[in-house]
Amino acid sequence: MTYIENLRDDTKALPHGEVFDARINFMEHACQALEQGDVPKYHFPQFQLSEKEISYYMEHNISLDEIAFQAMSANLNTFDHDLGEFRTYLQTRFGYWATITKDFMKAWADEFGNAKYLEIMAGNGYISKELQTLGKTSICTDDKSWSKQSKTGHEPLVETERLDALAAIDKYHEDVDYVILAWSPDRDDIDYEVLKKIRDYGLMLICIGEKYGATNSKEFWDNAEFVDYSAINKLNKIYSRYDLVHDEAYLIK
């Protein structure tokens, strides 16, 4: 049974569970895009149920007898828990870590004009794929040194040069304006080495991650110098923060 099928089964156990179809349909469309080697069209809404939604739903089923009401409450908790597993499913099934959507990438391409990019540790290359589709130059690199522990990078969407992050910057620093680093692991200080390397070459880093959270090392966040830039602020109004992870885009020098 797929993740989406499991969600639909959850709602079948709920009175009037069809009221939740819209959010499941959105999630299904996102998965279908990724299955087809594309990215979802629109930034994600919140998927888990808000306290207001839960209260409203339970109040409208208050007429159930006690046993049925308790069963409904338990099934609703199960459904809400399963909704919260969407990020993990996308990461495991599709190697989709940063929430890259077409509306987000269109805004990126528009705001940064004709900038040229080097994406390091690119995984499946979702960012470079969209930038290239939009007519921008984005060199996609990843040495896949971690590929034995993860399915990420097994099915890249664009041609990806097998280079580690530092070697890629050494090779292409004269050809690009920005280095892109999205969702670097939080237990690996390679990102701090990247930070020092871009400073050596006078480059700037576009980073997508959660500050002192799910991504990047403490050394990285401790030493990052953030640039206040209107283009980044605009991107963060579109970027999806749909669960407890609050990642966003940063411009760093």
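The values are calculated or read from the model by the stated rules, or taken from the named source; none is laboratory data. As the structure is a prediction and not an experimental result, all values here were calculated from the model. Please note: Cβ atoms are built from the backbone with ideal geometry, for glycine as well, and neighbour counts cover all protein chains shown. Remember, those area values only see protein heavy atoms, side chains included, never the ligands or the DNA or RNA. Shrake-Rupley method; radii C 1.70, N 1.55, O 1.52, S 1.80 Å.
Report, by residue number, each residue of the range 75-101 that is charged (D, E, K, R) and either assigned to a strand (DSSP E or B) or in contact with a helix residue (DSSP H, G or I) (Cβ under 7 Å, 6 or more places away or on another chain) (or both).
From the range 75-101, those charged (D, E, K, R) are 80, 82, 85, 87, 93; that's our starting set.
Listed by number, the list holds a single entry, D82.
Run down M72, M121 and say which single residue is touching a helix residue (DSSP H, G or I) at 6+ places or on another chain (Cβ under 7 Å), in contact (Cβ under 8 Å) with a residue 24 or more places away in the chain and open to solvent by less than 70 Å² (accessible area, probe 1.4 Å).
Working: M72 fails: touching a helix residue (DSSP H, G or I) at 6+ places or on another chain (Cβ under 7 Å).
Testing whether each residue is touching a helix residue (DSSP H, G or I) at 6+ places or on another chain (Cβ under 7 Å), in contact (Cβ under 8 Å) with a residue 24 or more places away in the chain and open to solvent by less than 70 Å² (accessible area, probe 1.4 Å) leaves just M121.
Go through the range 1-16 and count every residue that is closer than 28 Å to E59 by Cβ, open to solvent by 40 Å² or more (accessible area, probe 1.4 Å) and assigned to a helix (DSSP H, G or I).
Of the residues in that region, 4 qualify.
L181 versus (1) touching a helix residue (DSSP H, G or I) at 6+ places or on another chain (Cβ under 8 Å); (2) hydrophobic (A, V, I, L, M, F, W, C); (3) more than 21 Å from W108 (Cα to Cα): which is the lone unmet condition?
(3)
Report whether or not V158 is of a type in the set (V, I, T), closer than 25 Å to N114 by Cβ and at pLDDT 95 or above. Spell out how you get there, then give the answer.
Values: of a type in the set (V, I, T): yes; closer than 25 Å to N114 by Cβ: yes; at pLDDT 95 or above: no.
No; evaluated as a whole, the condition is false for this residue.
Within the range 38-68, which residues are of a type outside the set (V, I, T), exposed (fewer than 15 other Cβ atoms within 10 Å of the Cβ) and not in a loop (DSSP other than H, G, I, E, B)?
Pass one, the range 38-68, residues of a type outside the set (V, I, T): 38, 40-53, 55-61, 63-66, 68.
After this cut, where a residue has to be exposed (fewer than 15 other Cβ atoms within 10 Å of the Cβ) as well, the list is 41-42, 45-46, 50-52, 55-56, 58-60, 63-66, 68.
Those that are of a type outside the set (V, I, T), exposed (fewer than 15 other Cβ atoms within 10 Å of the Cβ) and not in a loop (DSSP other than H, G, I, E, B): E51, K52, S55, Y56, M58, E59, E66, A68.
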